[in-house]
Structure formats: C-alpha cells, structure tokens
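The values are calculated or read from the model by the stated rules, or taken from the named source; none is laboratory data. Treat the numbers as computed from the prediction; the structure is a model and nothing was measured. Neighbour counts are summed over all protein chains in view; Cβ atoms, including those assigned to glycine, are modelled from backbone coordinates with ideal geometry. Surface areas here come from the heavy atoms of the whole protein model, side chains and all, with no ligands, DNA or RNA. Shrake-Rupley method; radii C 1.70, N 1.55, O 1.52, S 1.80 Å.
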Amino acid sequence: MNIQTLDVLIVDLPTIRPHQLAMHTIVMQTIILVRVTGEGGLEGWGEVATIGGASYCAETPEAIKMNIEKYIKPLVIGRNAAHFDSISHTVNKHVVGNTFAKASVEAAIVELAAKARGIPVHELFGGQIHASLPVAWTLASGDTRRDIEEAKESLHAKGHNIFKLKIGMGEPKRNVAHVLKIKEAVGDEASVRVDVNQAWDETTAMYCIEALEDGGIDLIEQPLPAWNKEGMARLTTRFKVPIMADESLSSLEEVYQVAKYRAGNVFSIKPANVGGLTATKKVAAIAEAAGISLYGGTMIESSLGTAISSHLYSTIPEMKYGTELFGPLLFTDTVTANAISYEDFRLKVPSGPGYGMEMDVEKIFHYAREY
Ligand code: MUC
Ligand code: MG
C-alpha cells in the first residue's frame, strides 16, 4: 500500500479542569494529527500531544507541523506503508531529533499498513499480550481537598486506584505535605505516586524523597532535571522507593545510558519521546535486558493517541507499574466517533483494523487551527 498523501493538523482541545504541572498549567491541550492516505483513499491516522507550547520539550506544535511538511513528508510519499520500520530508518538518516514529529508520522503509516491487511496494529508488533491495561489518574488540580475528592470518587466508581500527583510547582515541603495528606486519605486502597517533572535539585530531592518514602508513596518520577543522570543514579541507589526516569529518556542512546548507569529503576515509555512505536518497543527491550521495570506513559493524548500507545503497550509482556493512558478523560470533547472504554480500573485496548478508532472529521476541523 503506497503512501499517496500526508497532511498535518494542529488541534486544540479544552480540558475538564486546569491540569497543573511544574512548567505549565494545561487548560487547552494541543494535539497534532497526521493523516496519510493510500490507494483507494484508505486512511491511516497518527497523533502526538505536546504540553504548554515550548515549555515541556523543545518541539512545539508549530515546529512539528512545519518539520513534517518540509523535511519528513518528502521522504515518505510513494513508500510502501508495510515498510514502516524501513521508512523510519530513512527518516532518521535525514532528520535529527524531532521525535514527536517522527512518532506522529510513523503512527499514521503503521495504521495504514495494518488497515491494508485488515488487522489491528498490535498484530504488527508481535501480537497482543494484554487485552486491557491498568490506568493511573493524575491528580493535578492544585488543591488538596479537590484532589482528595477526585481520588475518592474515582475509587468508588472503580475508575482508578493508582494516583499520580504533579508536585514540581511551588514549595517542595508544602507539596510533600499535600501528597502525604492524600495518601492518608486513600490509605492502602490506592497506589500514590509523584511526578516532579525535573523540578528539584539533588539536596531537595533527598529530604523530600525520604519523607515520601516514609509516608508510603510508591514511585518517584523524574525528580531531577533530565540532564542530571548522575544525580538520578545516586537517588536510585540511596532509596528503596523506585525512581522513574521520564524526560531523561529522549533517545535510544540515552535510554541505554540511563539503563547502564541505573539512573532510575523504572522507565516511563512514551512513543513521542523516542520517535515512534518501533523505537518504543526497542526501549522495552533495553529495559528487559537491564532488569528495569516499565510504566506506560502519556503526553496526555486524545482518544486516538491513547489507542496508539495502548496497542503497543499491549504487546509488552511486563508492564509492572501499569499505564497512565487517561488522556481522553481529561478532555471535554473527542476527535473520534467511538470512545476508549475504561472499566474496573482498566483501559480496554480498542480492537478493529488499525487502532480501532473511527475519526470524526467534522469534530477535527471544528477544533483544528487554520494554519
Ligand atoms: C509527564 O511528565 O508524565 C503525563 C501525565 C501528566 O499529568 O503529565 C504528563 C507528562
Ligand atoms: Mg512525567
């Protein structure tokens, strides 16, 4: 199935409440959609999400669209979608970095390849091991009472029993106290974890992690800046509570270094971080070989992007820490005609050809930017 056209859309989707991270508070989440078409008009769709323009990572939505159109698209048009790994190899030879742009294009090509054969994408990645995956919810309203209410409602409705708290913004000691109050409120019924999004220095991390560990917190995500691998390694050795690497895993080479020097003993995997699904599967292999546990991360994608990640994560044997594929639940609206189904603390991996999602083109154009 040869790729005949490729187009890119920037889409802004409103969220149900402000979502506060160390570097940005999301009220409108931006996703990038890529559509490729093959013979007979068959379509493959891809998605990546970014957080806060240029505040989370170097690739902005505008740069992603521009770089795909100018530098990646010409390398892809006319190629056979079934050769998606070979296409990624060509793209990697000519385009440095740009992992978000690459991930969105590869996802669209992979879906076209799967649809051409009438099979779900997970079959192209070796076959599904998990039909459903555990899903964490991120409590990030910025208000302790509201977070506790959100957690209790979620536990009661069997929505989530894993909660991640974003604690990179504001005073570290106050944030630790906020986390411990939430842990006290939910007790053993839920796993409570924190994501610092690189906001601490090493001395701050040492006293904060000690208090979090004593308070029964289960996982500490990216406490130090992405560059500080030595500091991450020291924290990993010092504490019993697992330290998870996220932003420090932004290329396969970096993943290897982090594994080798144990700058974290859990990896948050994300297709956008390393340039696509094929590369993410390689991250899982590095982790497996190094005895590092995995967690299925998100950049807060919509239903399509969530389906994309879920297909790949469903083929990875050991996802010890579950996933945080909660993206669609944070949006007030969706760009697909069908929804991702969440039940009994888990996400059901959508079935059907491709990613199993039917795009709602009218909705997409309602939220899409005109440039
Ligand atoms: C991150 O750093 O993990 C994912 C969920 C969330 O609330 O923020 C993101 C990015
Ligand atoms: Mg993170």
Rounded Å value of the spacing that divides the Cα centres of the stretch 148-169 and the stretch 199-222: 19 Å
Those aspartates and glutamates that a straight Cα-Cα span of less than 14 Å connects to Lys93, excepting residues fewer than 8 apart in one chain: Asp85
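Taking the mean number of other Cβ atoms within 10 Å as a proxy for protection, how do you rank 63-70, 41-48 from highest to lowest? Walk me through the numbers before you get to the answer.
On the way: 63-70: 18.2, 41-48: 22.8.
Highest mean packing first, the order is 41-48, 63-70.
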With all protein chains present, how much of the accessible area of the stretch 124-348 (probe radius 1.4 Å) comes from carbon and sulfur, to the nearest whole percent? 50 percent
For the stretch 254-316 and the stretch 24-44, write down the distance between their C-alpha centroids in whole Å. 21 Å
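What accessible area per residue, rounded to a whole number of Å², is obtained for the chain using a probe radius of 1.4 Å? All intermediate terms of the calculation are to be shown ahead of the outcome.
Details: 14690 Å² over 371 residues.
Per residue, the chain has an accessible area of 40 Å².
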Sequence-distant aspartates and glutamates (8 or more away, or on other chains) whose Cα lies within less than 15 Å of Lys229: Asp201, Glu202, Glu221, Asp246, Glu247, Glu253, Glu254
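So what's the projected area for the chain, the Cα convex hull averaged over all directions, in nm²?
Working: hull surface 65.1 nm².
Here the figure is 16.3 nm², rounded to one decimal.
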Pull up the cross-link candidates among the aspartates and glutamates for Lys158, meaning alpha carbon to alpha carbon under 18 Å and not fewer than 8 places away within one chain. Asp147, Glu149, Glu150, Asp188, Glu189, Glu324, Glu343, Asp344
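What does the helix-only formula give at 222 nm for the chain: each DSSP H stretch with n ≥ 4 adding -39500 (n - 2.57), the total divided by the residues, and the result rounded to the nearest 500 deg cm²/dmol?
Values: 15 runs with 145 residues, N = 371.
Result for the chain: -11500 deg cm²/dmol, rounded to the nearest 500.
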Sort 163-170, 98-105 by the packing proxy (mean of other Cβ within 10 Å over each peptide's residues), most packed first. 98-105, 163-170
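Highest mean first, what order results for 23-32, 172-181 on Cβ atoms within 10 Å? Each step should come with its number before you reach the end.
Values: 23-32: 18.7, 172-181: 17.1.
Final packing ranking: 23-32, 172-181.
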